[in-house]
Amino acid sequence: MSLWKFDHEILDIIEKGLEGNGLTFDETVKLYELDENAKESSLLRWAGQELSMRSADGLAEVHAQIGLNSTTCPRNCKFCSFAACNSARAQSFELSRQDVVDYAKEYEEQGANLILLLTTASYKFDKLIEMAQAVREVISPEMPLLVNTDDLTLERCHALKAAGVNGCYHAVRMGEGVDTEIPVEKRLETFKHIHEAGLSLQTCVEPIGPEHSAEEIAEAVFRCIENKPISAGAARRVPVPGTLLGERPAHTELANGNFVAAYRLATGLNPRLNCSSNSPLTASSGANLAWSEVGSNPRDAVEKTEIGGHGSSIARMQKWLRGGGWEILDGPSQGWML
Ligand code: SF4
């Protein structure tokens, strides 16, 4: 095999993607079909980084997630350690209001660019409102505050906005309605409510497993693009022991690099934040948004993810991003206050 023999159809798609105007559905499928070990994949990951650097002017961000509880969740997403159908967790757990406030303050001091409160679907909505208000009081007014919680009515979106919340993380997950008990329509309704209430949207194509076809991934990519998020991207499934999908094969980090790079080329120059760079490899494949996590986490089964779990510190995430050639934004992330 000649070293210089490339699949020119793929090279043409990558070259078009580098123009920054996005790709067609079929072109995106071709990129998601690529084997991560193919020569063309190295070019794809380089191009993802190149376009993200241009899109974000070389700046990356670290967003901070505070997991408020690990109470058993009735939505039964088979990949999630909180799901009632799984036996990943020994007992449930909730952070006190004081803990949540302390985490938020510490996160801002440590250089987080955005703060997100994560709950299971079983967390009381009124309590989430109280927590959001308490956090809003101790962080600077410019610091974006987001939530990742149950599906939302329009009324609840308005209540979140009134409590000082600027946006929501929300996604139609891969295998939604099959590997979860949430109908896709319900997730789509929530997108609508988020927008109608004037909240900003953060989303992602996740959790991607080897059982998902390139077409399914591309459909999810275009669903994200259509919903005009402030940040988006793509991420592989993290298998959690004790969950129903814990034993299913998982993608490699190298494949994850392809996923974020292909998302960047498919979406073009916007949005500037491409998720997620929770590995040195994705931080050099077009991802300029990394997550630091504390409290409960659906991707592990420990009480506090920062102690022996999946969670990473702000400093560690910044280090990985710098390793990919990024500078780190100093201060609150922009564009979330709609
Ligand atoms: S992913 Fe969210 S909705 Fe699904 S089981 Fe976990 S906490 Fe509940």
Problem - Condition check for THR71: of a type in the set (Val, Ile, Thr), farther than 26 Å from VAL260 by Cβ and out of contact with any helix residue (DSSP H, G or I) (no Cβ under 7 Å at 6 or more places or on another chain) - result: yes
Handout entry: Conditions (1) on the phi > 0 side of the Ramachandran plot; (2) within 15 Å of the ligand (Cβ to nearest atom); (3) crowded, with 18+ Cβ neighbours inside 10 Å: number failed by ASP179
Key = (1)
Handout entry: Odd one out for GLY198, checked against (1) open to solvent by less than 10 Å² (accessible area, probe 1.4 Å); (2) touching a residue at least 40 places away in the same chain (Cβ under 8 Å); (3) more than 30 Å from PHE259 (Cβ to Cβ)
Key = (1)
Problem - Number of the condition not met by PRO207 [criteria: (1) free of Cβ contacts under 8 Å to residues at least 40 places away in the same chain; (2) within 15 Å of the ligand (Cβ to nearest atom); (3) closer than 23 Å to GLY309 by Cα] - result: (1)
Problem - Of all residues in segment 74-111 being under 26 Å from ALA290 (Cα atoms) and near the ligand (Cβ under 10 Å from one of its atoms), the one that is surrounded by the most Cβ atoms within 10 Å (Cβ to Cβ) - result: PHE82
Fill in the blank from the handout: With the first residue restricted to segment 57-71 and required to be more than 30 Å from SER122 (Cα to Cα), and the second required to be of a type in the set (D, E, K, R) and in a strand (DSSP E or B), Cβ contacts under 6 Å at 6 or more apart or on different chains are GLY58/GLU327; LEU59/GLU327
Practice task
Being outside any helix (DSSP H, G or I) and at negative phi narrows it down to one of ASP12, ASP35, ASP26, so name that one.
Solution key: ASP35
Problem - Lone unmet requirement of (1) open to solvent by 10 Å² or more (accessible area, probe 1.4 Å); (2) away from the ligand (no atom under 16 Å from the Cβ); (3) more than 23 Å from PRO332 (Cβ to Cβ) for ILE230 - result: (3)
Practice task
Mind listing just one residue for me: the one in segment 44-55 that is over 30 Å from VAL184 (Cα atoms) and open to solvent by less than 10 Å² (accessible area, probe 1.4 Å) and, of those, farthest from the ligand (Cβ to nearest atom)?
Solution key: ALA47
Problem - Single residue of PRO298, PRO332 found to be farther than 13 Å from SER52 by Cα, in contact with a Cys (Cβ under 6 Å, 6 or more places away or on another chain) and open to solvent by 10 Å² or more (accessible area, probe 1.4 Å) - result: PRO298
Practice task
Being aliphatic (A, V, I, L, M), under 15 Å from the mean Cα position of the chain (by Cα) and open to solvent by 30 Å² or more (accessible area, probe 1.4 Å) is the filter here, so list the residues in segment 233-270 that pass it.
Solution key: VAL238
Exercise for the section: Have a look at ARG156, ARG223, ARG173 and point out the one that is assigned to a helix (DSSP H, G or I), open to solvent by 30 Å² or more (accessible area, probe 1.4 Å) and touching a strand residue (DSSP E or B) at 6+ places or on another chain (Cβ under 9 Å). Expected result: ARG223
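Test of understanding: among PRO298, PRO241, PRO249, which residue is part of a loop (DSSP other than H, G, I, E, B) and in contact with a Phe, Trp or Tyr (Cβ under 8 Å, 6 or more places away or on another chain)?
Working: PRO241 fails: in contact with a Phe, Trp or Tyr (Cβ under 8 Å, 6 or more places away or on another chain); PRO249 fails: in contact with a Phe, Trp or Tyr (Cβ under 8 Å, 6 or more places away or on another chain).
Answer to the selection: PRO298.
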Completion exercise
Going through segment 119-149 in order, the residues found to be outside any helix (DSSP H, G or I), more than 15 Å from the ligand (Cβ to nearest atom) and surrounded by fewer than 18 Cβ atoms within 10 Å (Cβ to Cβ) are SER140, PRO141, GLU142
Practice task
Might you let me know whether segment 318-328 holds any residue that is in a strand (DSSP E or B) and surrounded by fewer than 24 Cβ atoms within 10 Å (Cβ to Cβ)?
Solution key: yes
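The values are calculated or read from the model by the stated rules, or taken from the named source; none is laboratory data. This is a predicted model, so every value here is computed, not measured. A quick note on method: Cβ atoms are made from the backbone with ideal geometry, for glycine too, and the neighbour counts reach across all protein chains shown. Just the protein is used for accessible areas: all its heavy atoms, side chains included, with ligands, DNA and RNA removed. Shrake-Rupley method; radii C 1.70, N 1.55, O 1.52, S 1.80 Å.
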